[in-house]
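Q: I am attaching a structure below and will ask some questions about it afterwards.
The values are calculated or read from the model by the stated rules, or taken from the named source; none is laboratory data. Keep in mind that what you see is a predicted model, and the values were worked out from it rather than measured. When we count neighbours, we look across all protein chains shown, and the Cβ atoms used for this are built from the backbone with ideal geometry, even at glycine. Ligands, DNA and RNA are stripped out before the accessible areas are found, and what is left, the full protein with its side chains, is counted by its heavy atoms. Shrake-Rupley method; radii C 1.70, N 1.55, O 1.52, S 1.80 Å.
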Amino acid sequence: MRGLRLLIIGKQGSGKGTLCAKFALRFAIPHISTGEVFRAGVANKTELGLRTKAFMDAGELVPDDLVMEIVNEFFNRDDLRSRGFLFDGFPRTVNQADLLDRLLEPEGVDAVINLDVATEIVIERLSFRRICSDPNCGAIYSLTSPPKVKWVCDRCGSPVVQRDDDREEMILKRLSDYEKMTAPLLSRYDRLGKLITVDASCSPEEVFADALEELAGRALMQAGGAGSR
Ligand code: AMP
(Lines give C-alpha, C1' and ligand atoms only; values in the text may rest on other atoms or scores of the structure.)
Protein backbone atom coordinates (compact mmCIF):
# COMPACT_ATOMS: atom_id res chain seq x y z
CA MET A 1 0.00 0.00 0.00
CA ARG A 2 1.50 3.33 -0.96
CA GLY A 3 0.92 6.74 0.64
CA LEU A 4 -1.42 9.34 -0.81
CA ARG A 5 -0.05 11.77 -3.37
CA LEU A 6 -1.67 15.14 -2.82
CA LEU A 7 -1.06 18.62 -4.19
CA ILE A 8 -2.42 21.78 -2.59
CA ILE A 9 -2.87 24.68 -5.00
CA GLY A 10 -4.21 28.14 -4.25
CA LYS A 11 -3.40 31.82 -4.34
CA GLN A 12 -0.88 33.16 -1.89
CA GLY A 13 -2.83 33.62 1.35
CA SER A 14 -5.45 30.99 0.51
CA GLY A 15 -4.35 28.95 3.54
CA LYS A 16 -2.17 26.26 1.93
CA GLY A 17 0.36 26.23 4.78
CA THR A 18 -2.32 26.16 7.48
CA LEU A 19 -4.21 23.31 5.79
CA CYS A 20 -1.00 21.32 5.24
CA ALA A 21 -0.05 21.71 8.92
CA LYS A 22 -3.43 20.21 9.85
CA PHE A 23 -3.01 17.33 7.39
CA ALA A 24 0.53 16.68 8.62
CA LEU A 25 -0.64 16.54 12.25
CA ARG A 26 -3.41 14.11 11.40
CA PHE A 27 -1.81 11.86 8.77
CA ALA A 28 1.63 10.41 8.30
CA ILE A 29 2.35 11.86 4.85
CA PRO A 30 5.49 13.99 4.36
CA HIS A 31 4.56 17.67 3.90
CA ILE A 32 6.86 19.58 1.58
CA SER A 33 6.55 23.33 1.13
CA THR A 34 8.96 24.44 -1.60
CA GLY A 35 8.62 28.03 -0.33
CA GLU A 36 9.73 26.95 3.16
CA VAL A 37 12.67 25.02 1.72
CA PHE A 38 13.75 28.13 -0.20
CA ARG A 39 13.24 30.45 2.80
CA ALA A 40 15.33 28.12 4.97
CA GLY A 41 18.08 28.15 2.32
CA VAL A 42 18.13 31.95 2.28
CA ALA A 43 18.09 32.19 6.12
CA ASN A 44 20.90 29.63 6.48
CA LYS A 45 22.85 31.09 3.54
CA THR A 46 23.18 27.69 1.86
CA GLU A 47 24.29 27.37 -1.75
CA LEU A 48 20.65 26.90 -2.77
CA GLY A 49 19.73 30.01 -0.75
CA LEU A 50 22.37 32.10 -2.51
CA ARG A 51 21.04 30.97 -5.90
CA THR A 52 17.39 31.66 -5.08
CA LYS A 53 17.55 34.80 -2.90
CA ALA A 54 17.37 37.38 -5.72
CA PHE A 55 14.21 35.78 -7.19
CA MET A 56 12.54 35.58 -3.81
CA ASP A 57 13.49 39.15 -2.89
CA ALA A 58 11.89 40.31 -6.15
CA GLY A 59 8.71 38.29 -5.42
CA GLU A 60 9.40 36.20 -8.54
CA LEU A 61 9.14 32.49 -9.09
CA VAL A 62 12.40 30.59 -8.72
CA PRO A 63 13.42 29.04 -12.10
CA ASP A 64 12.04 25.56 -12.75
CA ASP A 65 15.47 23.87 -12.86
CA LEU A 66 16.26 25.00 -9.29
CA VAL A 67 12.80 23.93 -8.10
CA MET A 68 13.21 20.50 -9.69
CA GLU A 69 16.62 20.08 -8.08
CA ILE A 70 15.05 20.15 -4.63
CA VAL A 71 12.00 18.14 -5.66
CA ASN A 72 14.18 15.41 -7.20
CA GLU A 73 16.25 15.34 -4.03
CA PHE A 74 13.09 14.73 -1.93
CA PHE A 75 12.03 11.92 -4.26
CA ASN A 76 15.42 10.23 -4.06
CA ARG A 77 16.08 10.76 -0.37
CA ASP A 78 12.62 10.37 1.13
CA ASP A 79 11.19 7.72 -1.18
CA LEU A 80 8.12 9.85 -1.90
CA ARG A 81 6.84 7.51 -4.61
CA SER A 82 5.94 4.91 -2.00
CA ARG A 83 5.50 7.07 1.11
CA GLY A 84 3.23 9.56 -0.63
CA PHE A 85 3.39 13.32 -0.10
CA LEU A 86 1.58 16.58 0.38
CA PHE A 87 3.15 19.23 -1.84
CA ASP A 88 2.42 22.82 -0.83
CA GLY A 89 3.31 25.45 -3.44
CA PHE A 90 4.48 22.94 -6.05
CA PRO A 91 3.94 22.62 -8.98
CA ARG A 92 3.48 26.27 -9.85
CA THR A 93 4.04 26.20 -13.62
CA VAL A 94 2.90 23.92 -16.44
CA ASN A 95 6.51 22.83 -16.94
CA GLN A 96 6.85 21.83 -13.26
CA ALA A 97 3.60 19.83 -13.54
CA ASP A 98 4.93 18.04 -16.65
CA LEU A 99 8.15 17.16 -14.82
CA LEU A 100 6.21 15.92 -11.78
CA ASP A 101 4.04 13.73 -14.04
CA ARG A 102 7.18 12.21 -15.45
CA LEU A 103 8.50 11.44 -11.97
CA LEU A 104 5.20 9.73 -11.07
CA GLU A 105 4.50 7.80 -14.26
CA PRO A 106 2.19 6.05 -14.87
CA GLU A 107 -0.31 6.98 -12.10
CA GLY A 108 0.50 10.61 -11.36
CA VAL A 109 -0.98 12.30 -8.27
CA ASP A 110 -4.14 11.07 -6.54
CA ALA A 111 -5.82 14.45 -5.98
CA VAL A 112 -5.23 18.17 -6.17
CA ILE A 113 -6.91 20.36 -3.57
CA ASN A 114 -7.68 23.82 -4.93
CA LEU A 115 -8.20 26.40 -2.17
CA ASP A 116 -10.63 28.82 -3.76
CA VAL A 117 -10.82 32.31 -2.30
CA ALA A 118 -11.46 35.85 -3.62
CA THR A 119 -8.44 38.06 -4.32
CA GLU A 120 -9.70 40.85 -1.96
CA ILE A 121 -9.70 38.37 0.92
CA VAL A 122 -6.17 37.10 0.29
CA ILE A 123 -4.78 40.62 -0.05
CA GLU A 124 -6.06 41.38 3.45
CA ARG A 125 -4.85 38.03 4.82
CA LEU A 126 -1.37 38.46 3.35
CA SER A 127 -0.91 41.96 4.71
CA PHE A 128 -2.01 40.68 8.15
CA ARG A 129 0.09 37.47 7.99
CA ARG A 130 3.08 37.03 10.31
CA ILE A 131 5.35 33.95 10.49
CA CYS A 132 7.87 32.46 12.89
CA SER A 133 11.34 33.65 11.84
CA ASP A 134 12.81 30.18 12.43
CA PRO A 135 12.54 28.46 9.04
CA ASN A 136 12.60 25.06 10.76
CA CYS A 137 9.42 25.97 12.67
CA GLY A 138 7.37 27.87 10.10
CA ALA A 139 4.38 28.56 12.42
CA ILE A 140 1.85 30.95 10.86
CA TYR A 141 0.10 33.80 12.74
CA SER A 142 -1.72 37.00 11.82
CA LEU A 143 -2.50 40.40 13.32
CA THR A 144 -5.90 38.94 14.21
CA SER A 145 -4.52 35.68 15.68
CA PRO A 146 -1.15 36.60 17.20
CA PRO A 147 1.03 34.36 19.40
CA LYS A 148 0.16 34.24 23.13
CA VAL A 149 3.18 36.30 24.19
CA LYS A 150 3.86 39.43 22.18
CA TRP A 151 5.34 38.39 18.80
CA VAL A 152 7.22 35.42 20.21
CA CYS A 153 6.39 32.05 18.59
CA ASP A 154 4.18 29.83 20.79
CA ARG A 155 5.92 26.74 19.41
CA CYS A 156 9.64 27.59 19.47
CA GLY A 157 10.10 31.01 21.11
CA SER A 158 11.65 32.70 18.04
CA PRO A 159 10.53 36.19 17.00
CA VAL A 160 7.40 36.35 14.82
CA VAL A 161 7.87 38.61 11.79
CA GLN A 162 6.33 39.73 8.51
CA ARG A 163 7.59 37.89 5.41
CA ASP A 164 9.51 40.26 3.12
CA ASP A 165 7.35 39.21 0.20
CA ASP A 166 4.11 39.91 2.15
CA ARG A 167 4.61 43.67 1.72
CA GLU A 168 1.94 45.34 -0.40
CA GLU A 169 3.83 45.96 -3.63
CA MET A 170 5.05 42.34 -3.74
CA ILE A 171 1.64 40.87 -2.93
CA LEU A 172 0.07 42.20 -6.15
CA LYS A 173 2.95 40.94 -8.30
CA ARG A 174 2.82 37.46 -6.75
CA LEU A 175 -0.95 37.26 -7.23
CA SER A 176 -0.65 38.30 -10.86
CA ASP A 177 2.03 35.61 -11.42
CA TYR A 178 -0.32 33.09 -9.81
CA GLU A 179 -3.06 33.91 -12.34
CA LYS A 180 -0.67 33.76 -15.29
CA MET A 181 1.47 30.76 -14.40
CA THR A 182 -0.28 28.61 -11.77
CA ALA A 183 -4.05 28.98 -12.35
CA PRO A 184 -3.80 27.18 -15.76
CA LEU A 185 -2.90 24.01 -13.81
CA LEU A 186 -6.45 23.86 -12.40
CA SER A 187 -8.09 22.97 -15.74
CA ARG A 188 -5.35 20.42 -16.41
CA TYR A 189 -6.09 18.50 -13.17
CA ASP A 190 -9.84 19.01 -13.61
CA ARG A 191 -9.69 17.31 -17.02
CA LEU A 192 -7.97 14.36 -15.34
CA GLY A 193 -10.80 14.21 -12.74
CA LYS A 194 -8.33 14.93 -9.93
CA LEU A 195 -9.33 18.45 -8.91
CA ILE A 196 -11.09 19.03 -5.59
CA THR A 197 -12.13 22.66 -5.10
CA VAL A 198 -12.77 23.77 -1.54
CA ASP A 199 -14.16 27.14 -0.41
CA ALA A 200 -11.16 28.64 1.39
CA SER A 201 -12.90 31.80 2.61
CA CYS A 202 -14.14 29.83 5.67
CA SER A 203 -12.25 29.13 8.90
CA PRO A 204 -9.20 26.79 8.73
CA GLU A 205 -11.19 24.14 10.64
CA GLU A 206 -14.04 24.24 8.09
CA VAL A 207 -11.60 24.13 5.15
CA PHE A 208 -9.88 21.09 6.70
CA ALA A 209 -13.22 19.34 7.33
CA ASP A 210 -14.39 20.02 3.75
CA ALA A 211 -11.12 18.77 2.26
CA LEU A 212 -11.29 15.57 4.34
CA GLU A 213 -14.90 14.98 3.33
CA GLU A 214 -14.07 15.41 -0.37
CA LEU A 215 -11.13 13.01 -0.11
CA ALA A 216 -13.24 10.48 1.79
CA GLY A 217 -15.99 10.87 -0.85
CA ARG A 218 -13.48 9.79 -3.48
CA ALA A 219 -12.39 6.83 -1.33
CA LEU A 220 -8.94 8.40 -1.04
CA MET A 221 -8.98 8.77 2.71
CA GLN A 222 -11.19 7.79 5.61
CA ALA A 223 -12.32 10.96 7.39
CA GLY A 224 -10.67 9.83 10.63
CA GLY A 225 -8.21 7.31 9.30
CA ALA A 226 -4.80 6.94 7.77
CA GLY A 227 -3.62 8.67 4.64
CA SER A 228 -2.65 5.67 2.62
CA ARG A 229 -4.21 3.63 -0.16
P1 AMP B 1 5.47 30.37 -0.87
O2 AMP B 1 5.91 30.24 0.55
O3 AMP B 1 4.88 29.09 -1.42
O4 AMP B 1 4.61 31.57 -1.12
O5 AMP B 1 6.82 30.58 -1.73
C6 AMP B 1 7.68 31.68 -1.47
C7 AMP B 1 8.55 31.95 -2.68
O8 AMP B 1 9.37 30.79 -2.95
C9 AMP B 1 7.80 32.19 -3.99
O10 AMP B 1 7.39 33.55 -4.12
C11 AMP B 1 8.86 31.82 -5.00
O12 AMP B 1 9.87 32.81 -5.12
C13 AMP B 1 9.51 30.61 -4.37
N14 AMP B 1 8.83 29.35 -4.73
C15 AMP B 1 8.22 28.48 -3.88
N16 AMP B 1 7.73 27.42 -4.55
C17 AMP B 1 8.03 27.62 -5.86
C18 AMP B 1 7.78 26.89 -7.06
N19 AMP B 1 7.13 25.73 -7.06
N20 AMP B 1 8.23 27.44 -8.23
C21 AMP B 1 8.92 28.58 -8.26
N22 AMP B 1 9.17 29.33 -7.16
C23 AMP B 1 8.74 28.86 -5.97
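Q: How large a share of the accessible area of the chain, in percent, is made up of carbon and sulfur atoms when the probe is 1.4 Å and the other protein chains stay in place?
A: Carbon and sulfur atoms account for 52 percent of the accessible area of the chain.
Q: Among Phe208, Val160, Val109, which residue has its Cα positioned farthest towards the positive end of the charge dipole of region 84-229, with +1 placed on the Cβ of Lys and Arg, -1 on the Cβ of Asp and Glu, and the dipole taken about the Cα centre?
A: Result: Val160.
Q: Compute the relative contact order of region 59-158 as a whole-number percentage, counting only Cα pairs closer than 8 Å that sit 6 or more residues apart in sequence.
A: 13 percent
Q: Additional query: Translational diffusion coefficient, Stokes-Einstein: compute it for region 1-87 using the Kirkwood radius over C-alpha pairs as Rh, at 10 °C and 1.306 mPa s, and state it as an integer in µm² s⁻¹.
A: For these conditions, the coefficient is 114 µm²/s.
Q: Explain nothing, just compute: Karplus ³J(HN,Hα) = 6.51 cos²θ - 1.76 cosθ + 1.60, θ = phi - 60°, for every residue of region 159-173 in order, whole Hz, x for Gly and Pro.
A: Result, ordered by residue: x, 9, 9, 8, 5, 4, 7, 9, 7, 3, 5, 6, 4, 5, 5 Hz.
Q: Let me ask another. Using 0.36 nm times the number of residues separating Asp154 and Ser187, minus their current alpha carbon distance, what extension gain do you get?
A: Extending this stretch completely gives an extra 8.0 nm.
Q: Could you order the peptides 39-45, 113-119 from most to least packed, using the average number of other C-beta atoms within 10 Å per residue?
A: Packing order, densest peptide first, comes out as 113-119, 39-45.
Q: List the pair-distance distribution P(r) of region 52-109, using every Cα-Cα distance, as the percent of pairs falling in each 5 Å bin from 0 up to the bin containing the longest distance, rounded to whole percents.
A: Result, from short to long distances: 4, 17, 27, 27, 13, 8, 4, 0 percent.
Q: Using only Cα atoms, figure out Rg for region 80-134 and give it as a multiple of 2.2 N^0.38 Å.
A: Here the Cα radius of gyration is 1.52 times the empirical estimate.
Q: Can you tell me the order of 13-22, 48-57, 26-35 when each peptide is scored by its average per-residue count of other Cβ atoms within 10 angstrom, highest first?
A: 13-22, 26-35, 48-57
Q: Report the paramagnetic label zone for Ser127: residues of region 162-176 whose backbone N is under 13 Å from a point 7 Å from Cα along the Cα-to-Cβ axis.
A: 166-172
Q: Please calculate how many Å² of accessible area region 116-229 carries per residue, with a 1.4 Å probe and no DNA, RNA or ligand atoms counted.
A: With all protein chains present, region 116-229 gives 56 Å² per residue.
Q: Right, another one. Using 7 Å Cα-to-Cβ label points, what is the Lys173/Asn95 separation (nm, one decimal)?
A: In this crude spin-label approximation the distance works out to 1.9 nm.
Q: Moving on. Evaluate the chain: find the radius of gyration of its Cα atoms, find its Kirkwood radius, and give the ratio Rg to Rh.
A: Ratio value, two decimals: 0.94.
Q: Quick one: which residues, 5+ away or cross-chain, put their amide H under 5 Å from the amide H of Ala111? H built at 1.01 Å from N.
A: Amide H neighbours of Ala111, under 5 Å, 5+ apart: Arg5, Leu7.
Q: For the chain, what does the relative contact order come out to in percent, with C-alpha contacts under 8 Å and a separation of six or more?
A: 30 percent
Q: Further question on the same structure: Where nothing but the Cβ of Lys and Arg (+1) and of Asp and Glu (-1) is charged, how large is the charge dipole of region 38-162 around its Cα centre, in debye to the nearest 20?
A: 800 debye
Q: For the chain, give the magnitude of the charge dipole about the Cα centre (Cβ charges: +1 Lys/Arg, -1 Asp/Glu; no others), in debye to the nearest 20.
A: Magnitude of the dipole: close to 480 debye.
Q: Considering only protein heavy atoms, what per residue accessible area in square angstrom results for region 1-55 with a 1.4 angstrom probe?
A: Each residue of region 1-55 exposes 42 Å² on average to a 1.4 Å probe.
Q: Among Leu99, Asn72, Gly59, whose Cα projects farthest towards the positive end of the dipole of the chain, with charges put on the beta-carbon of Lys, Arg (+1) and Asp, Glu (-1)?
A: Asn72
Q: Which percent, to the nearest 5, of DSSP beta bridges fully inside the chain are antiparallel?
A: 35 percent
Q: Please list, in chain and number order, the residues 5+ apart from Cys153 or on another chain whose amide H is under 5 Å from its amide H, with Hs placed from the backbone.
A: Ser158, Val160
Q: Using a basic spin-label model with each label point 7 Å from the Cα along Cα→Cβ, how many nm lie between Glu214 and Glu60?
A: 3.2 nm
Q: Karplus couplings for region 112-118 from phi (6.51 cos²θ - 1.76 cosθ + 1.60, θ = phi - 60°), rounded to Hz, Gly and Pro as x?
A: Each residue's phi maps through the Karplus curve to give 10, 8, 9, 8, 9, 7, 5 Hz.
Q: Follow-up. About the Cα centre, and with charges only on the beta carbon of Lys, Arg (+1) and Asp, Glu (-1), how big is the dipole of region 153-225? Nearest 20 debye, please.
A: Dipole about the Cα centre, nearest 20: 440 debye.
Q: Taking θ as phi - 60°, what are the ³J(HN,Hα) couplings along region 178-189 by the Karplus curve (6.51, -1.76, 1.60), each to the nearest whole Hz, with x for Gly and Pro?
A: Couplings: 4, 4, 6, 9, 9, 4, x, 5, 5, 5, 4, 6 Hz.
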